Amino acid sequence: MKVNLMHPDAAFDAYAELPPKADELITDLELQTLLDVMAGDDPLIEQVARTALLRGLTDPELIAYRQAALTDALAQPQAIRTLYGIATAALHDERQQWGLSYASAHSILARSLTVIELFVKRLRQLRQVGEQFGSGFHSQAFTDLFATLERECPESYFDEIAEVTGLLQDKRGTLAAVRLGSSNRGYDYLLLQALPQRWLDRVGVLHRHRASFQISDRDEAGARAVAELADRSLDPAANATAQAVQHVVGFMHSLQAELAFYVGCLNLHDELETLGLPTCMPVACEPYRQELTATDLYDVCLALHSREPVVTNDVDAPGAALLLVTGTNRGGKSTFLRSVGLAQLMLQAGMFAGASAFTANVRNGVFTHFKRAEDPSMHVGKLAEELERMHDIVKLIGPESMLLCNESFASTNEREGSEISRQLISALIDSGVKVLFVTHLYELAHGFYEQQRPDIAFLRAAPPSANGEPTFKLAPGEPEPTSHGLVAYERVFGAAA
Amino acid sequence: MSFNSAAGGTVQEQETRFVSILFPGSEPEPGAEIPEPDYFGDLNLDQIAHAAFDSRSEYALAPYFAQGLHDTEAVGYRQAVMRDLEHDEINRPVRDFALAMADCRKELAYARKLHSPFQRERWLLSALTTYGDAVLALATALADAEPASAALRGLGAYLERYVQSADFERLREDGRQVTSVLDGIRYTLQIRDLHVSVDTYQDQPDLARRVEETFARFRQGEVQSYRSRFPEPTALNPVEEQVLAQVAAVYEDEFRQLAEYCVRYRSALDPTVLRFDREVQFLLAYREYIAPLQAAGLAFAYPTVRTDSKEEHVEDAFDLALATRLVAAGEPVVTNDFTLSGVERVLVLTGPNQGGKTTFARMLGQVHHLAALGLPVPGRSADLFLPDRIFTHFERRESLESLRSKFEEEVYRIHGILDTATGDSLLIMNESFSSTTTQDALEVGERVLRQVLDRQMLCLYVTFIDELSRLSESVVSLMSTVDPDDPTVRTFRIVRKPADGLAHAVLLAKVYGLSYDQLKARLTA
C-alpha cells in the first residue's frame, strides 16, 4: 500500500539531505517566514515544507501531478485535515504503547496486538473519509489513494485481522510445533495457536498420543523453565506481529508526511486569502527554453511578515536568460528579486505561486549572491569575500540553474565591478544559466544594453513619486546613469533648509 | 611398484600391516605414563617437552618424546613423515582431521556426561558422524596427495580399505538414516499454565506466516527484528529433559532406532585411526614449536644417523630450549659446530666461565636425543652416531639427606653410569668433581676418561682441568672464547684449540688492573 501523494511512484523522504547552500537560500529569500506560516506550530509540516521547497521537482509532469493533488486539497480542506489528523492520531496511539526494548516474547506479542486493534480503528476511519469525500477528488494522487484504501481495507479484511489476532490472544496457553536439534534440544518453534479459555475447558479428545507432565507450583525453577518454553513458542509469531505493526507504522508515517505538505499549503493559502493577496497554479515549462512571465507577482514572505498590502509587479520576459534590474534606491529591486526566487521555488515544489499568473522554465538549482556583512575579523576584504562566495557557487552551479544576484561586486569601484560581473554573467548565460542581476553598476548594465541581445531584458525601478514616496514598481526600461540620489539629497537637505 | 624393504614383505603387505606412523613395526602404543629419562633435567629437554606439548595434554605426548629409537630404519621412517608434513597438501588435511577428531572427542564427552539418556545417544550419533566425515576426508586427501613416506602411504592404504569396508559403510549409512529420521520429527508442545504435553504434529498452519501474509500489504521497506535471544546451553534443564522424554515416548519408533544404533556402534572408533590421531599430534606439536625459530632464520636439519660409525659432524647447532627464549625476546642466537673424525671420541671443553660451555653440553645432548626421535635437529647439517643410551653427569646440589659428601656422591653416580653404559653410549659430564681439590679431580677424572676411552664411548667432558684434554689422541680439546679486544665479553663460540689454562684469568686481571705487573707498578710508584 503506497501513499504516492507527492510523486506518482516514489515515497517522499521528508528528511532527505538538502542541497548545498540551502541555508543561504533560506536566509536570503527569508524563507523561514513562509515555513512558519505553513507549519503553524507543527514541526513535521515545517520539515516537509522545507524539504519540498528546497528539493524541487524538475519535471513539469511531476509538478502537474502534485498541482492536481493540491487543487483537490484546496477544494476539500476539511477532508485533508481530517486525514492528517487520523494518521497523526494512529502514530500517537502506537507511541503510547511503547514498552521496554528487551521485553519477553509474551509481552511483545501482547503489546503488538493492542496496537493492531487501535490501528484497525484508524484504518477504517481513513477508508471512511474516502467513502464520504472521495467523489470530490479528481487528481490521480488522491483518487488512487482512496481506491487503495477501499480495495485493501474493506471490512472483510478487518474481519480477517480479527480472526488472526484472536488466535494469538494468549490467555493461558500455547501450542507450538517443534523440531529436534543437534543435541536433541528443541528448535524452530512454530506457533500454531494460542489457546483461548473455552478451549482449555475441553479435555483433549482430539489427541492420539498425548504424553504429559505437570510442574508442581512450588517448583519455582520449573515454572520459569516452562515459561521460557512458552516464550520460545511465541517468539516467531511475536516477532511477525511486532513487525506487522511496524509495517503499518511505516505506512502511517508516509501518509502523515505527505499529507503534511498539503496541510501546510492550506495554512498558507488561508493566510494569503485573509490578506487579500492573489494565488495561482503556476505553469512549469521545460528547462531548455527560458521563460519568465508573471502578473501581480509579489514577495510572499514580505507580505506574511508585514501583514500590510504589498506592491505587485508584472514581468514579461520570455526567452530572457538575463534580467538586469536597475534604478532608484529603495525602489523595490531586492523585493522583486526575492519574489521571483520564491515563485520559482514554490512552482517547483508543486505549490501555488504568489501572483495571479506565473510561468517559468524549471531550474535544477537556485543560488543567491546577496550582500553580506563585512567580515569583522577583517581578514578578508569585502571584495575578496564576495569573490570567494561566488567561487563556491560556481563550483556547484550547472547549466540549468538559476542565479539571483543582489548588488554583487558593488564593494569595489564601478569599473572593476562591472568588468568582473560582465565576464561572470556572460559565461553563465551563454551556458544556459538564468541570471537575475540587481545592480547600480551603470557601465555593466549599459554595456549589455548596447549589445541588443534578444535574451537580455531590462527592468528599472521607477523613481519616487512627487512627494518622495517610493513606488516599488518596476517596468522595462533602459538603465540610467543615476539612481536619483540627488533627488534624495535635495529632499533631505531641502526639508532641513 | 613394490620392493622389499628391510622390515620384510612387499610394500603392499607393509601397508596392509600398517599400525603406526611413528614406529615401522607393530609396537604397541605407549601408555600415558612413562618416566622421563634421567638426563632430561640436565639437558633442559624437560623444558622443551613442556613448551612443545603442554598445550596438547589430552594427547599424552610425553612418552613419545621420552623414548628414543635405536635403529636407523625407524629413525628414517619417522623423518620421512616429518618431510611429508612440510607439504601443504598433506599438512592441511592432517590438521583438519585433528580438529575434527577433537570435536568428535568433545561430542563423545557429552555422550558420556549429560544427564538425559536421549541427549547422550544423540551426541554419540553426532560424534560418530563427525568421526566418519573426518576419516573419509583424510582418506580422500591422502589418496590425492600421494605422500612419499612409507608411513603415510601405509596409513593411506589402510584408510582406503577401511572406508570401503562394509562395516564403515554400514556405520555411515545407519548414521545417516537415524539422523534423517530424527531431523524429520516435528512434535507439538502444548503448555497450559504448568501443564505440559507433547503430541504429534498434524500439519496445523504456522501463525507467524499467517500474520506476515495478512499484513504484507502495508510493507514499505525493511523493519527491525523483534526476536528474543534464548540461551542455548548444551545440557537441557530438567523441564526440557522431561519434554524430551515425552517426545521419545510419542515417537517411540524413531527413538528406538537411535537406541539401537548406539548399542550397535558403541565401540565403532577404529583403534588404528585413534592411534594415528594421537601420534600425528607429536609431530605437529614439534613442528609448531620450532616454527618461530625457523621464522627467525635458524636452521633445522634432518640428521643422517649411523650405528656403525662414531664419526660425527654438526654445523650451526644450538641449544633449542635457550634459543626458544632468546628468539621470543628478540635476541640473537649463537650457533656452534663440532666434529669427531677418525679415532676421535672424547671432547674436553675448557675455558672462561659463563662462556657457553654448559649450553654447548646441552646442545650436544639435545641434538643426539632429538635425532633418536626421528625429528629434525637444530643445525644446518648433522651426521650423527645413534647411541644406545645417553648419560649425563652434571653438578648436583648437595643433598641434605645423603650421608655422603658431594664428591663421594659424584663418584658414586659415575660408577653407576659406567656400570650400565656400553661402548655405544653417549656420556656428557659437566664440571664433574669440581667439589674437591684439583689434584683429586685430575686423578679421578683421568681414571674415568680412561674407562671411557677403553670402551670407545662418545663423551663430552666440560672441565677446568686442562690436563685431561691432552690425555690421548682420541681426545679433542675445545675452548669457549672471549673477544680478543675485551676479555670481559664472551662470544659463546666454542672452537677447537689447545687448552690454555690460566690465560683467560691473566687477561681478566689485566683488564681490571690487577695483574702482578700492574699492581707492583702501582704500589711502588
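The numbers here are math on the coordinates, done by the rules we state, and not lab data. Just so it is clear, the model here is predicted, and its values are computed rather than measured. Cβ coordinates were reconstructed from backbone atoms using ideal geometry, including for glycine residues, and neighbour counts include every protein chain displayed.
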If I require 30 Å or longer along the helix axis, counting alpha carbons, and a Kyte-Doolittle average no lower than 0.0, what helices from chain A are left? Use full DSSP H segments.
A:105-133, A:220-274
Which pairs break 29 Å Cα to Cα here: A:Lys2/A:Lys434; A:Lys333/A:Lys434; B:Lys406/B:Lys497; B:Lys310/B:Lys357; B:Lys406/B:Lys510?
A:Lys2/A:Lys434; B:Lys406/B:Lys497; B:Lys406/B:Lys510
Considering amide H positions built from the backbone, and no H for Pro or chain starts, which residues 5 or more places from B:Ala299, or on another chain, come under 5 Å of its amide H?
B:Gly379
Taking Cα centroids, how far is the stretch B:470-503 from the stretch B:255-306 in Å?
45 Å
Magnitude of the Cβ-charge dipole (Lys and Arg +1, Asp and Glu -1) of the protein assembly as shown about the Cα centre, nearest 20 debye, reported as 1240 debye
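Summing Lys, Arg as +1 and Asp, Glu as -1, what charge do residues with Cβ under 15 Å from the Cβ of A:Arg218 carry, A:Arg218 excluded?
Numbers: positive: A:Arg224; negative: A:Asp217, A:Asp219, A:Glu220, B:Asp193.
Once positives and negatives cancel, what remains is -3.
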Working from Cα positions, state the angle (0 to 90°, nearest 10) between the long axis of helix B:252-264 and the longest principal axis of chain B.
20 degrees
The stretch B:286-393: trypsin sites (Lys or Arg not before Pro) in DSSP coil with no more than 15 other Cβ atoms inside 10 Å:
B:Arg380
Cα-projected label distance for B:Asp96 with A:Arg95, points at 7 Å along beta-carbon direction, nm:
5.7 nm
Any chance you could check the Cα centroid distance between the stretch B:88-148 and the stretch A:118-148 for me, in angstrom?
65 Å
Within chain A, what is the longest stretch that has no chymotrypsin sites (Phe, Trp or Tyr not before Pro) placed in a DSSP loop and near at most 13 other beta-carbon atoms within 10 Å?
A:289-497
Only helical DSSP H runs with n ≥ 4 go in: add -39500 (n - 2.57) per run for the protein assembly as shown, normalise by residue count and round the 222 nm mean residue ellipticity to 500 deg cm²/dmol.
-16500 deg cm²/dmol
So, relative contact order of the stretch A:33-140 in percent, Cα under 8 Å, 6 or more apart, is 34 percent
Amide H partners (placed H, <5 Å) of B:Ile428, local residues excluded:
B:Phe391, B:Thr392, B:His393, B:Leu460
Taking the Cα centre of the protein assembly as shown as the origin and placing charges on Cβ (Lys, Arg +1; Asp, Glu -1), which of A:Ala457, B:Gln220, B:Tyr265 is farthest toward the positive end of the dipole?
B:Tyr265
Under the definition of Cα pairs under 8 Å and six or more residues apart, what whole-number percent is the relative contact order of chain B?
16 percent
Give me D for chain A in µm² s⁻¹, whole number, from Stokes-Einstein with Rh from the Kirkwood sum over alpha-carbon pairs, 10 °C and 1.306 mPa s.
58 µm²/s
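Can you tell me the FRET efficiency between B:Glu311 and B:Thr491 if r is taken as the Cβ-Cβ distance and R0 is 30 Å, rounded to the nearest 0.05? Spell out each step's value before the answer.
Numbers: r = 27 Å, r/R0 = 0.90.
Approximately 0.65, to the nearest 0.05.
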Using 10 Å bins from zero, what percent of all Cα-Cα pairs in chain B falls into each bin?
3, 14, 20, 18, 14, 11, 8, 6, 4, 2, 0, 0
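Given DSSP loops and a limit of at most 11 other Cβ atoms within 10 Å, what is the longest stretch of chain B that contains no such chymotrypsin sites (Phe, Trp or Tyr not before Pro)? Before the final figure, lay out each step's value.
Numbers: sites that count: B:Phe3, B:Tyr512.
With a cap of 11 other Cβ atoms within 10 Å, the longest stretch comes to B:4-511.
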Quick one: angle between helix B:88-113 and the longest Cα principal axis of chain B, in degrees between 0 and 90, rounded to 10, please.
60 degrees
Once you sort the root eigenvalues of the Cα gyration tensor of the stretch B:223-289 as a ≥ b ≥ c, which label holds: rounded (a/c under 1.5), prolate (a/b larger than b/c) or oblate (the other case)?
oblate
Using only the Cα atoms of the protein assembly as shown, construct the convex hull and provide its projected area averaged over every direction, in square nanometres to one decimal.
78.5 nm²
Please list the non-local residues whose amide H lies under 5 Å from the amide H of B:Leu478, H modeled 1.01 Å from N, same-chain partners needing a gap of 5 or more.
B:Val348, B:Leu349, B:Thr350, B:Lys497
Projecting the Cα atoms of A:Leu396, A:Gln344, A:Thr368 onto the charge dipole of the stretch A:337-446, where Lys and Arg contribute +1 and Asp and Glu -1 at Cβ, the residue farthest towards the positive end is A:Gln344
So what J values fall out for the stretch B:469-479 if you push phi through Karplus, 6.51 cos²θ - 1.76 cosθ + 1.60 with θ = phi - 60°, rounded to Hz, Gly and Pro as x?
6, 10, 5, 7, 6, 8, 9, 10, 9, 10, 9
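Can you bin the stretch B:36-91 into rounded, prolate or oblate? Criterion: square roots of the alpha carbon gyration tensor eigenvalues sorted a ≥ b ≥ c, rounded for a/c under 1.5, prolate for a/b above b/c, oblate for the rest.
In terms of gyration-tensor shape, oblate.
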Would you mind checking the tilt of helix B:438-455 against the longest principal axis of the Cα atoms of chain B, expressed as 0 to 90 degrees and rounded to 10?
60 degrees
Using +1 at the C-beta of Lys and Arg and -1 at the C-beta of Asp and Glu, which of A:Thr359, A:Leu192, A:Leu109 has the Cα lying farthest in the positive direction of the dipole of chain A?
A:Leu192
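Rounded to the nearest 0.05, what FRET efficiency do B:Asp133 and A:Phe158 give with R0 = 41 Å and r taken as the Cβ-Cβ distance? Could you check?
Rounded to the nearest 0.05, the efficiency is 0.15.
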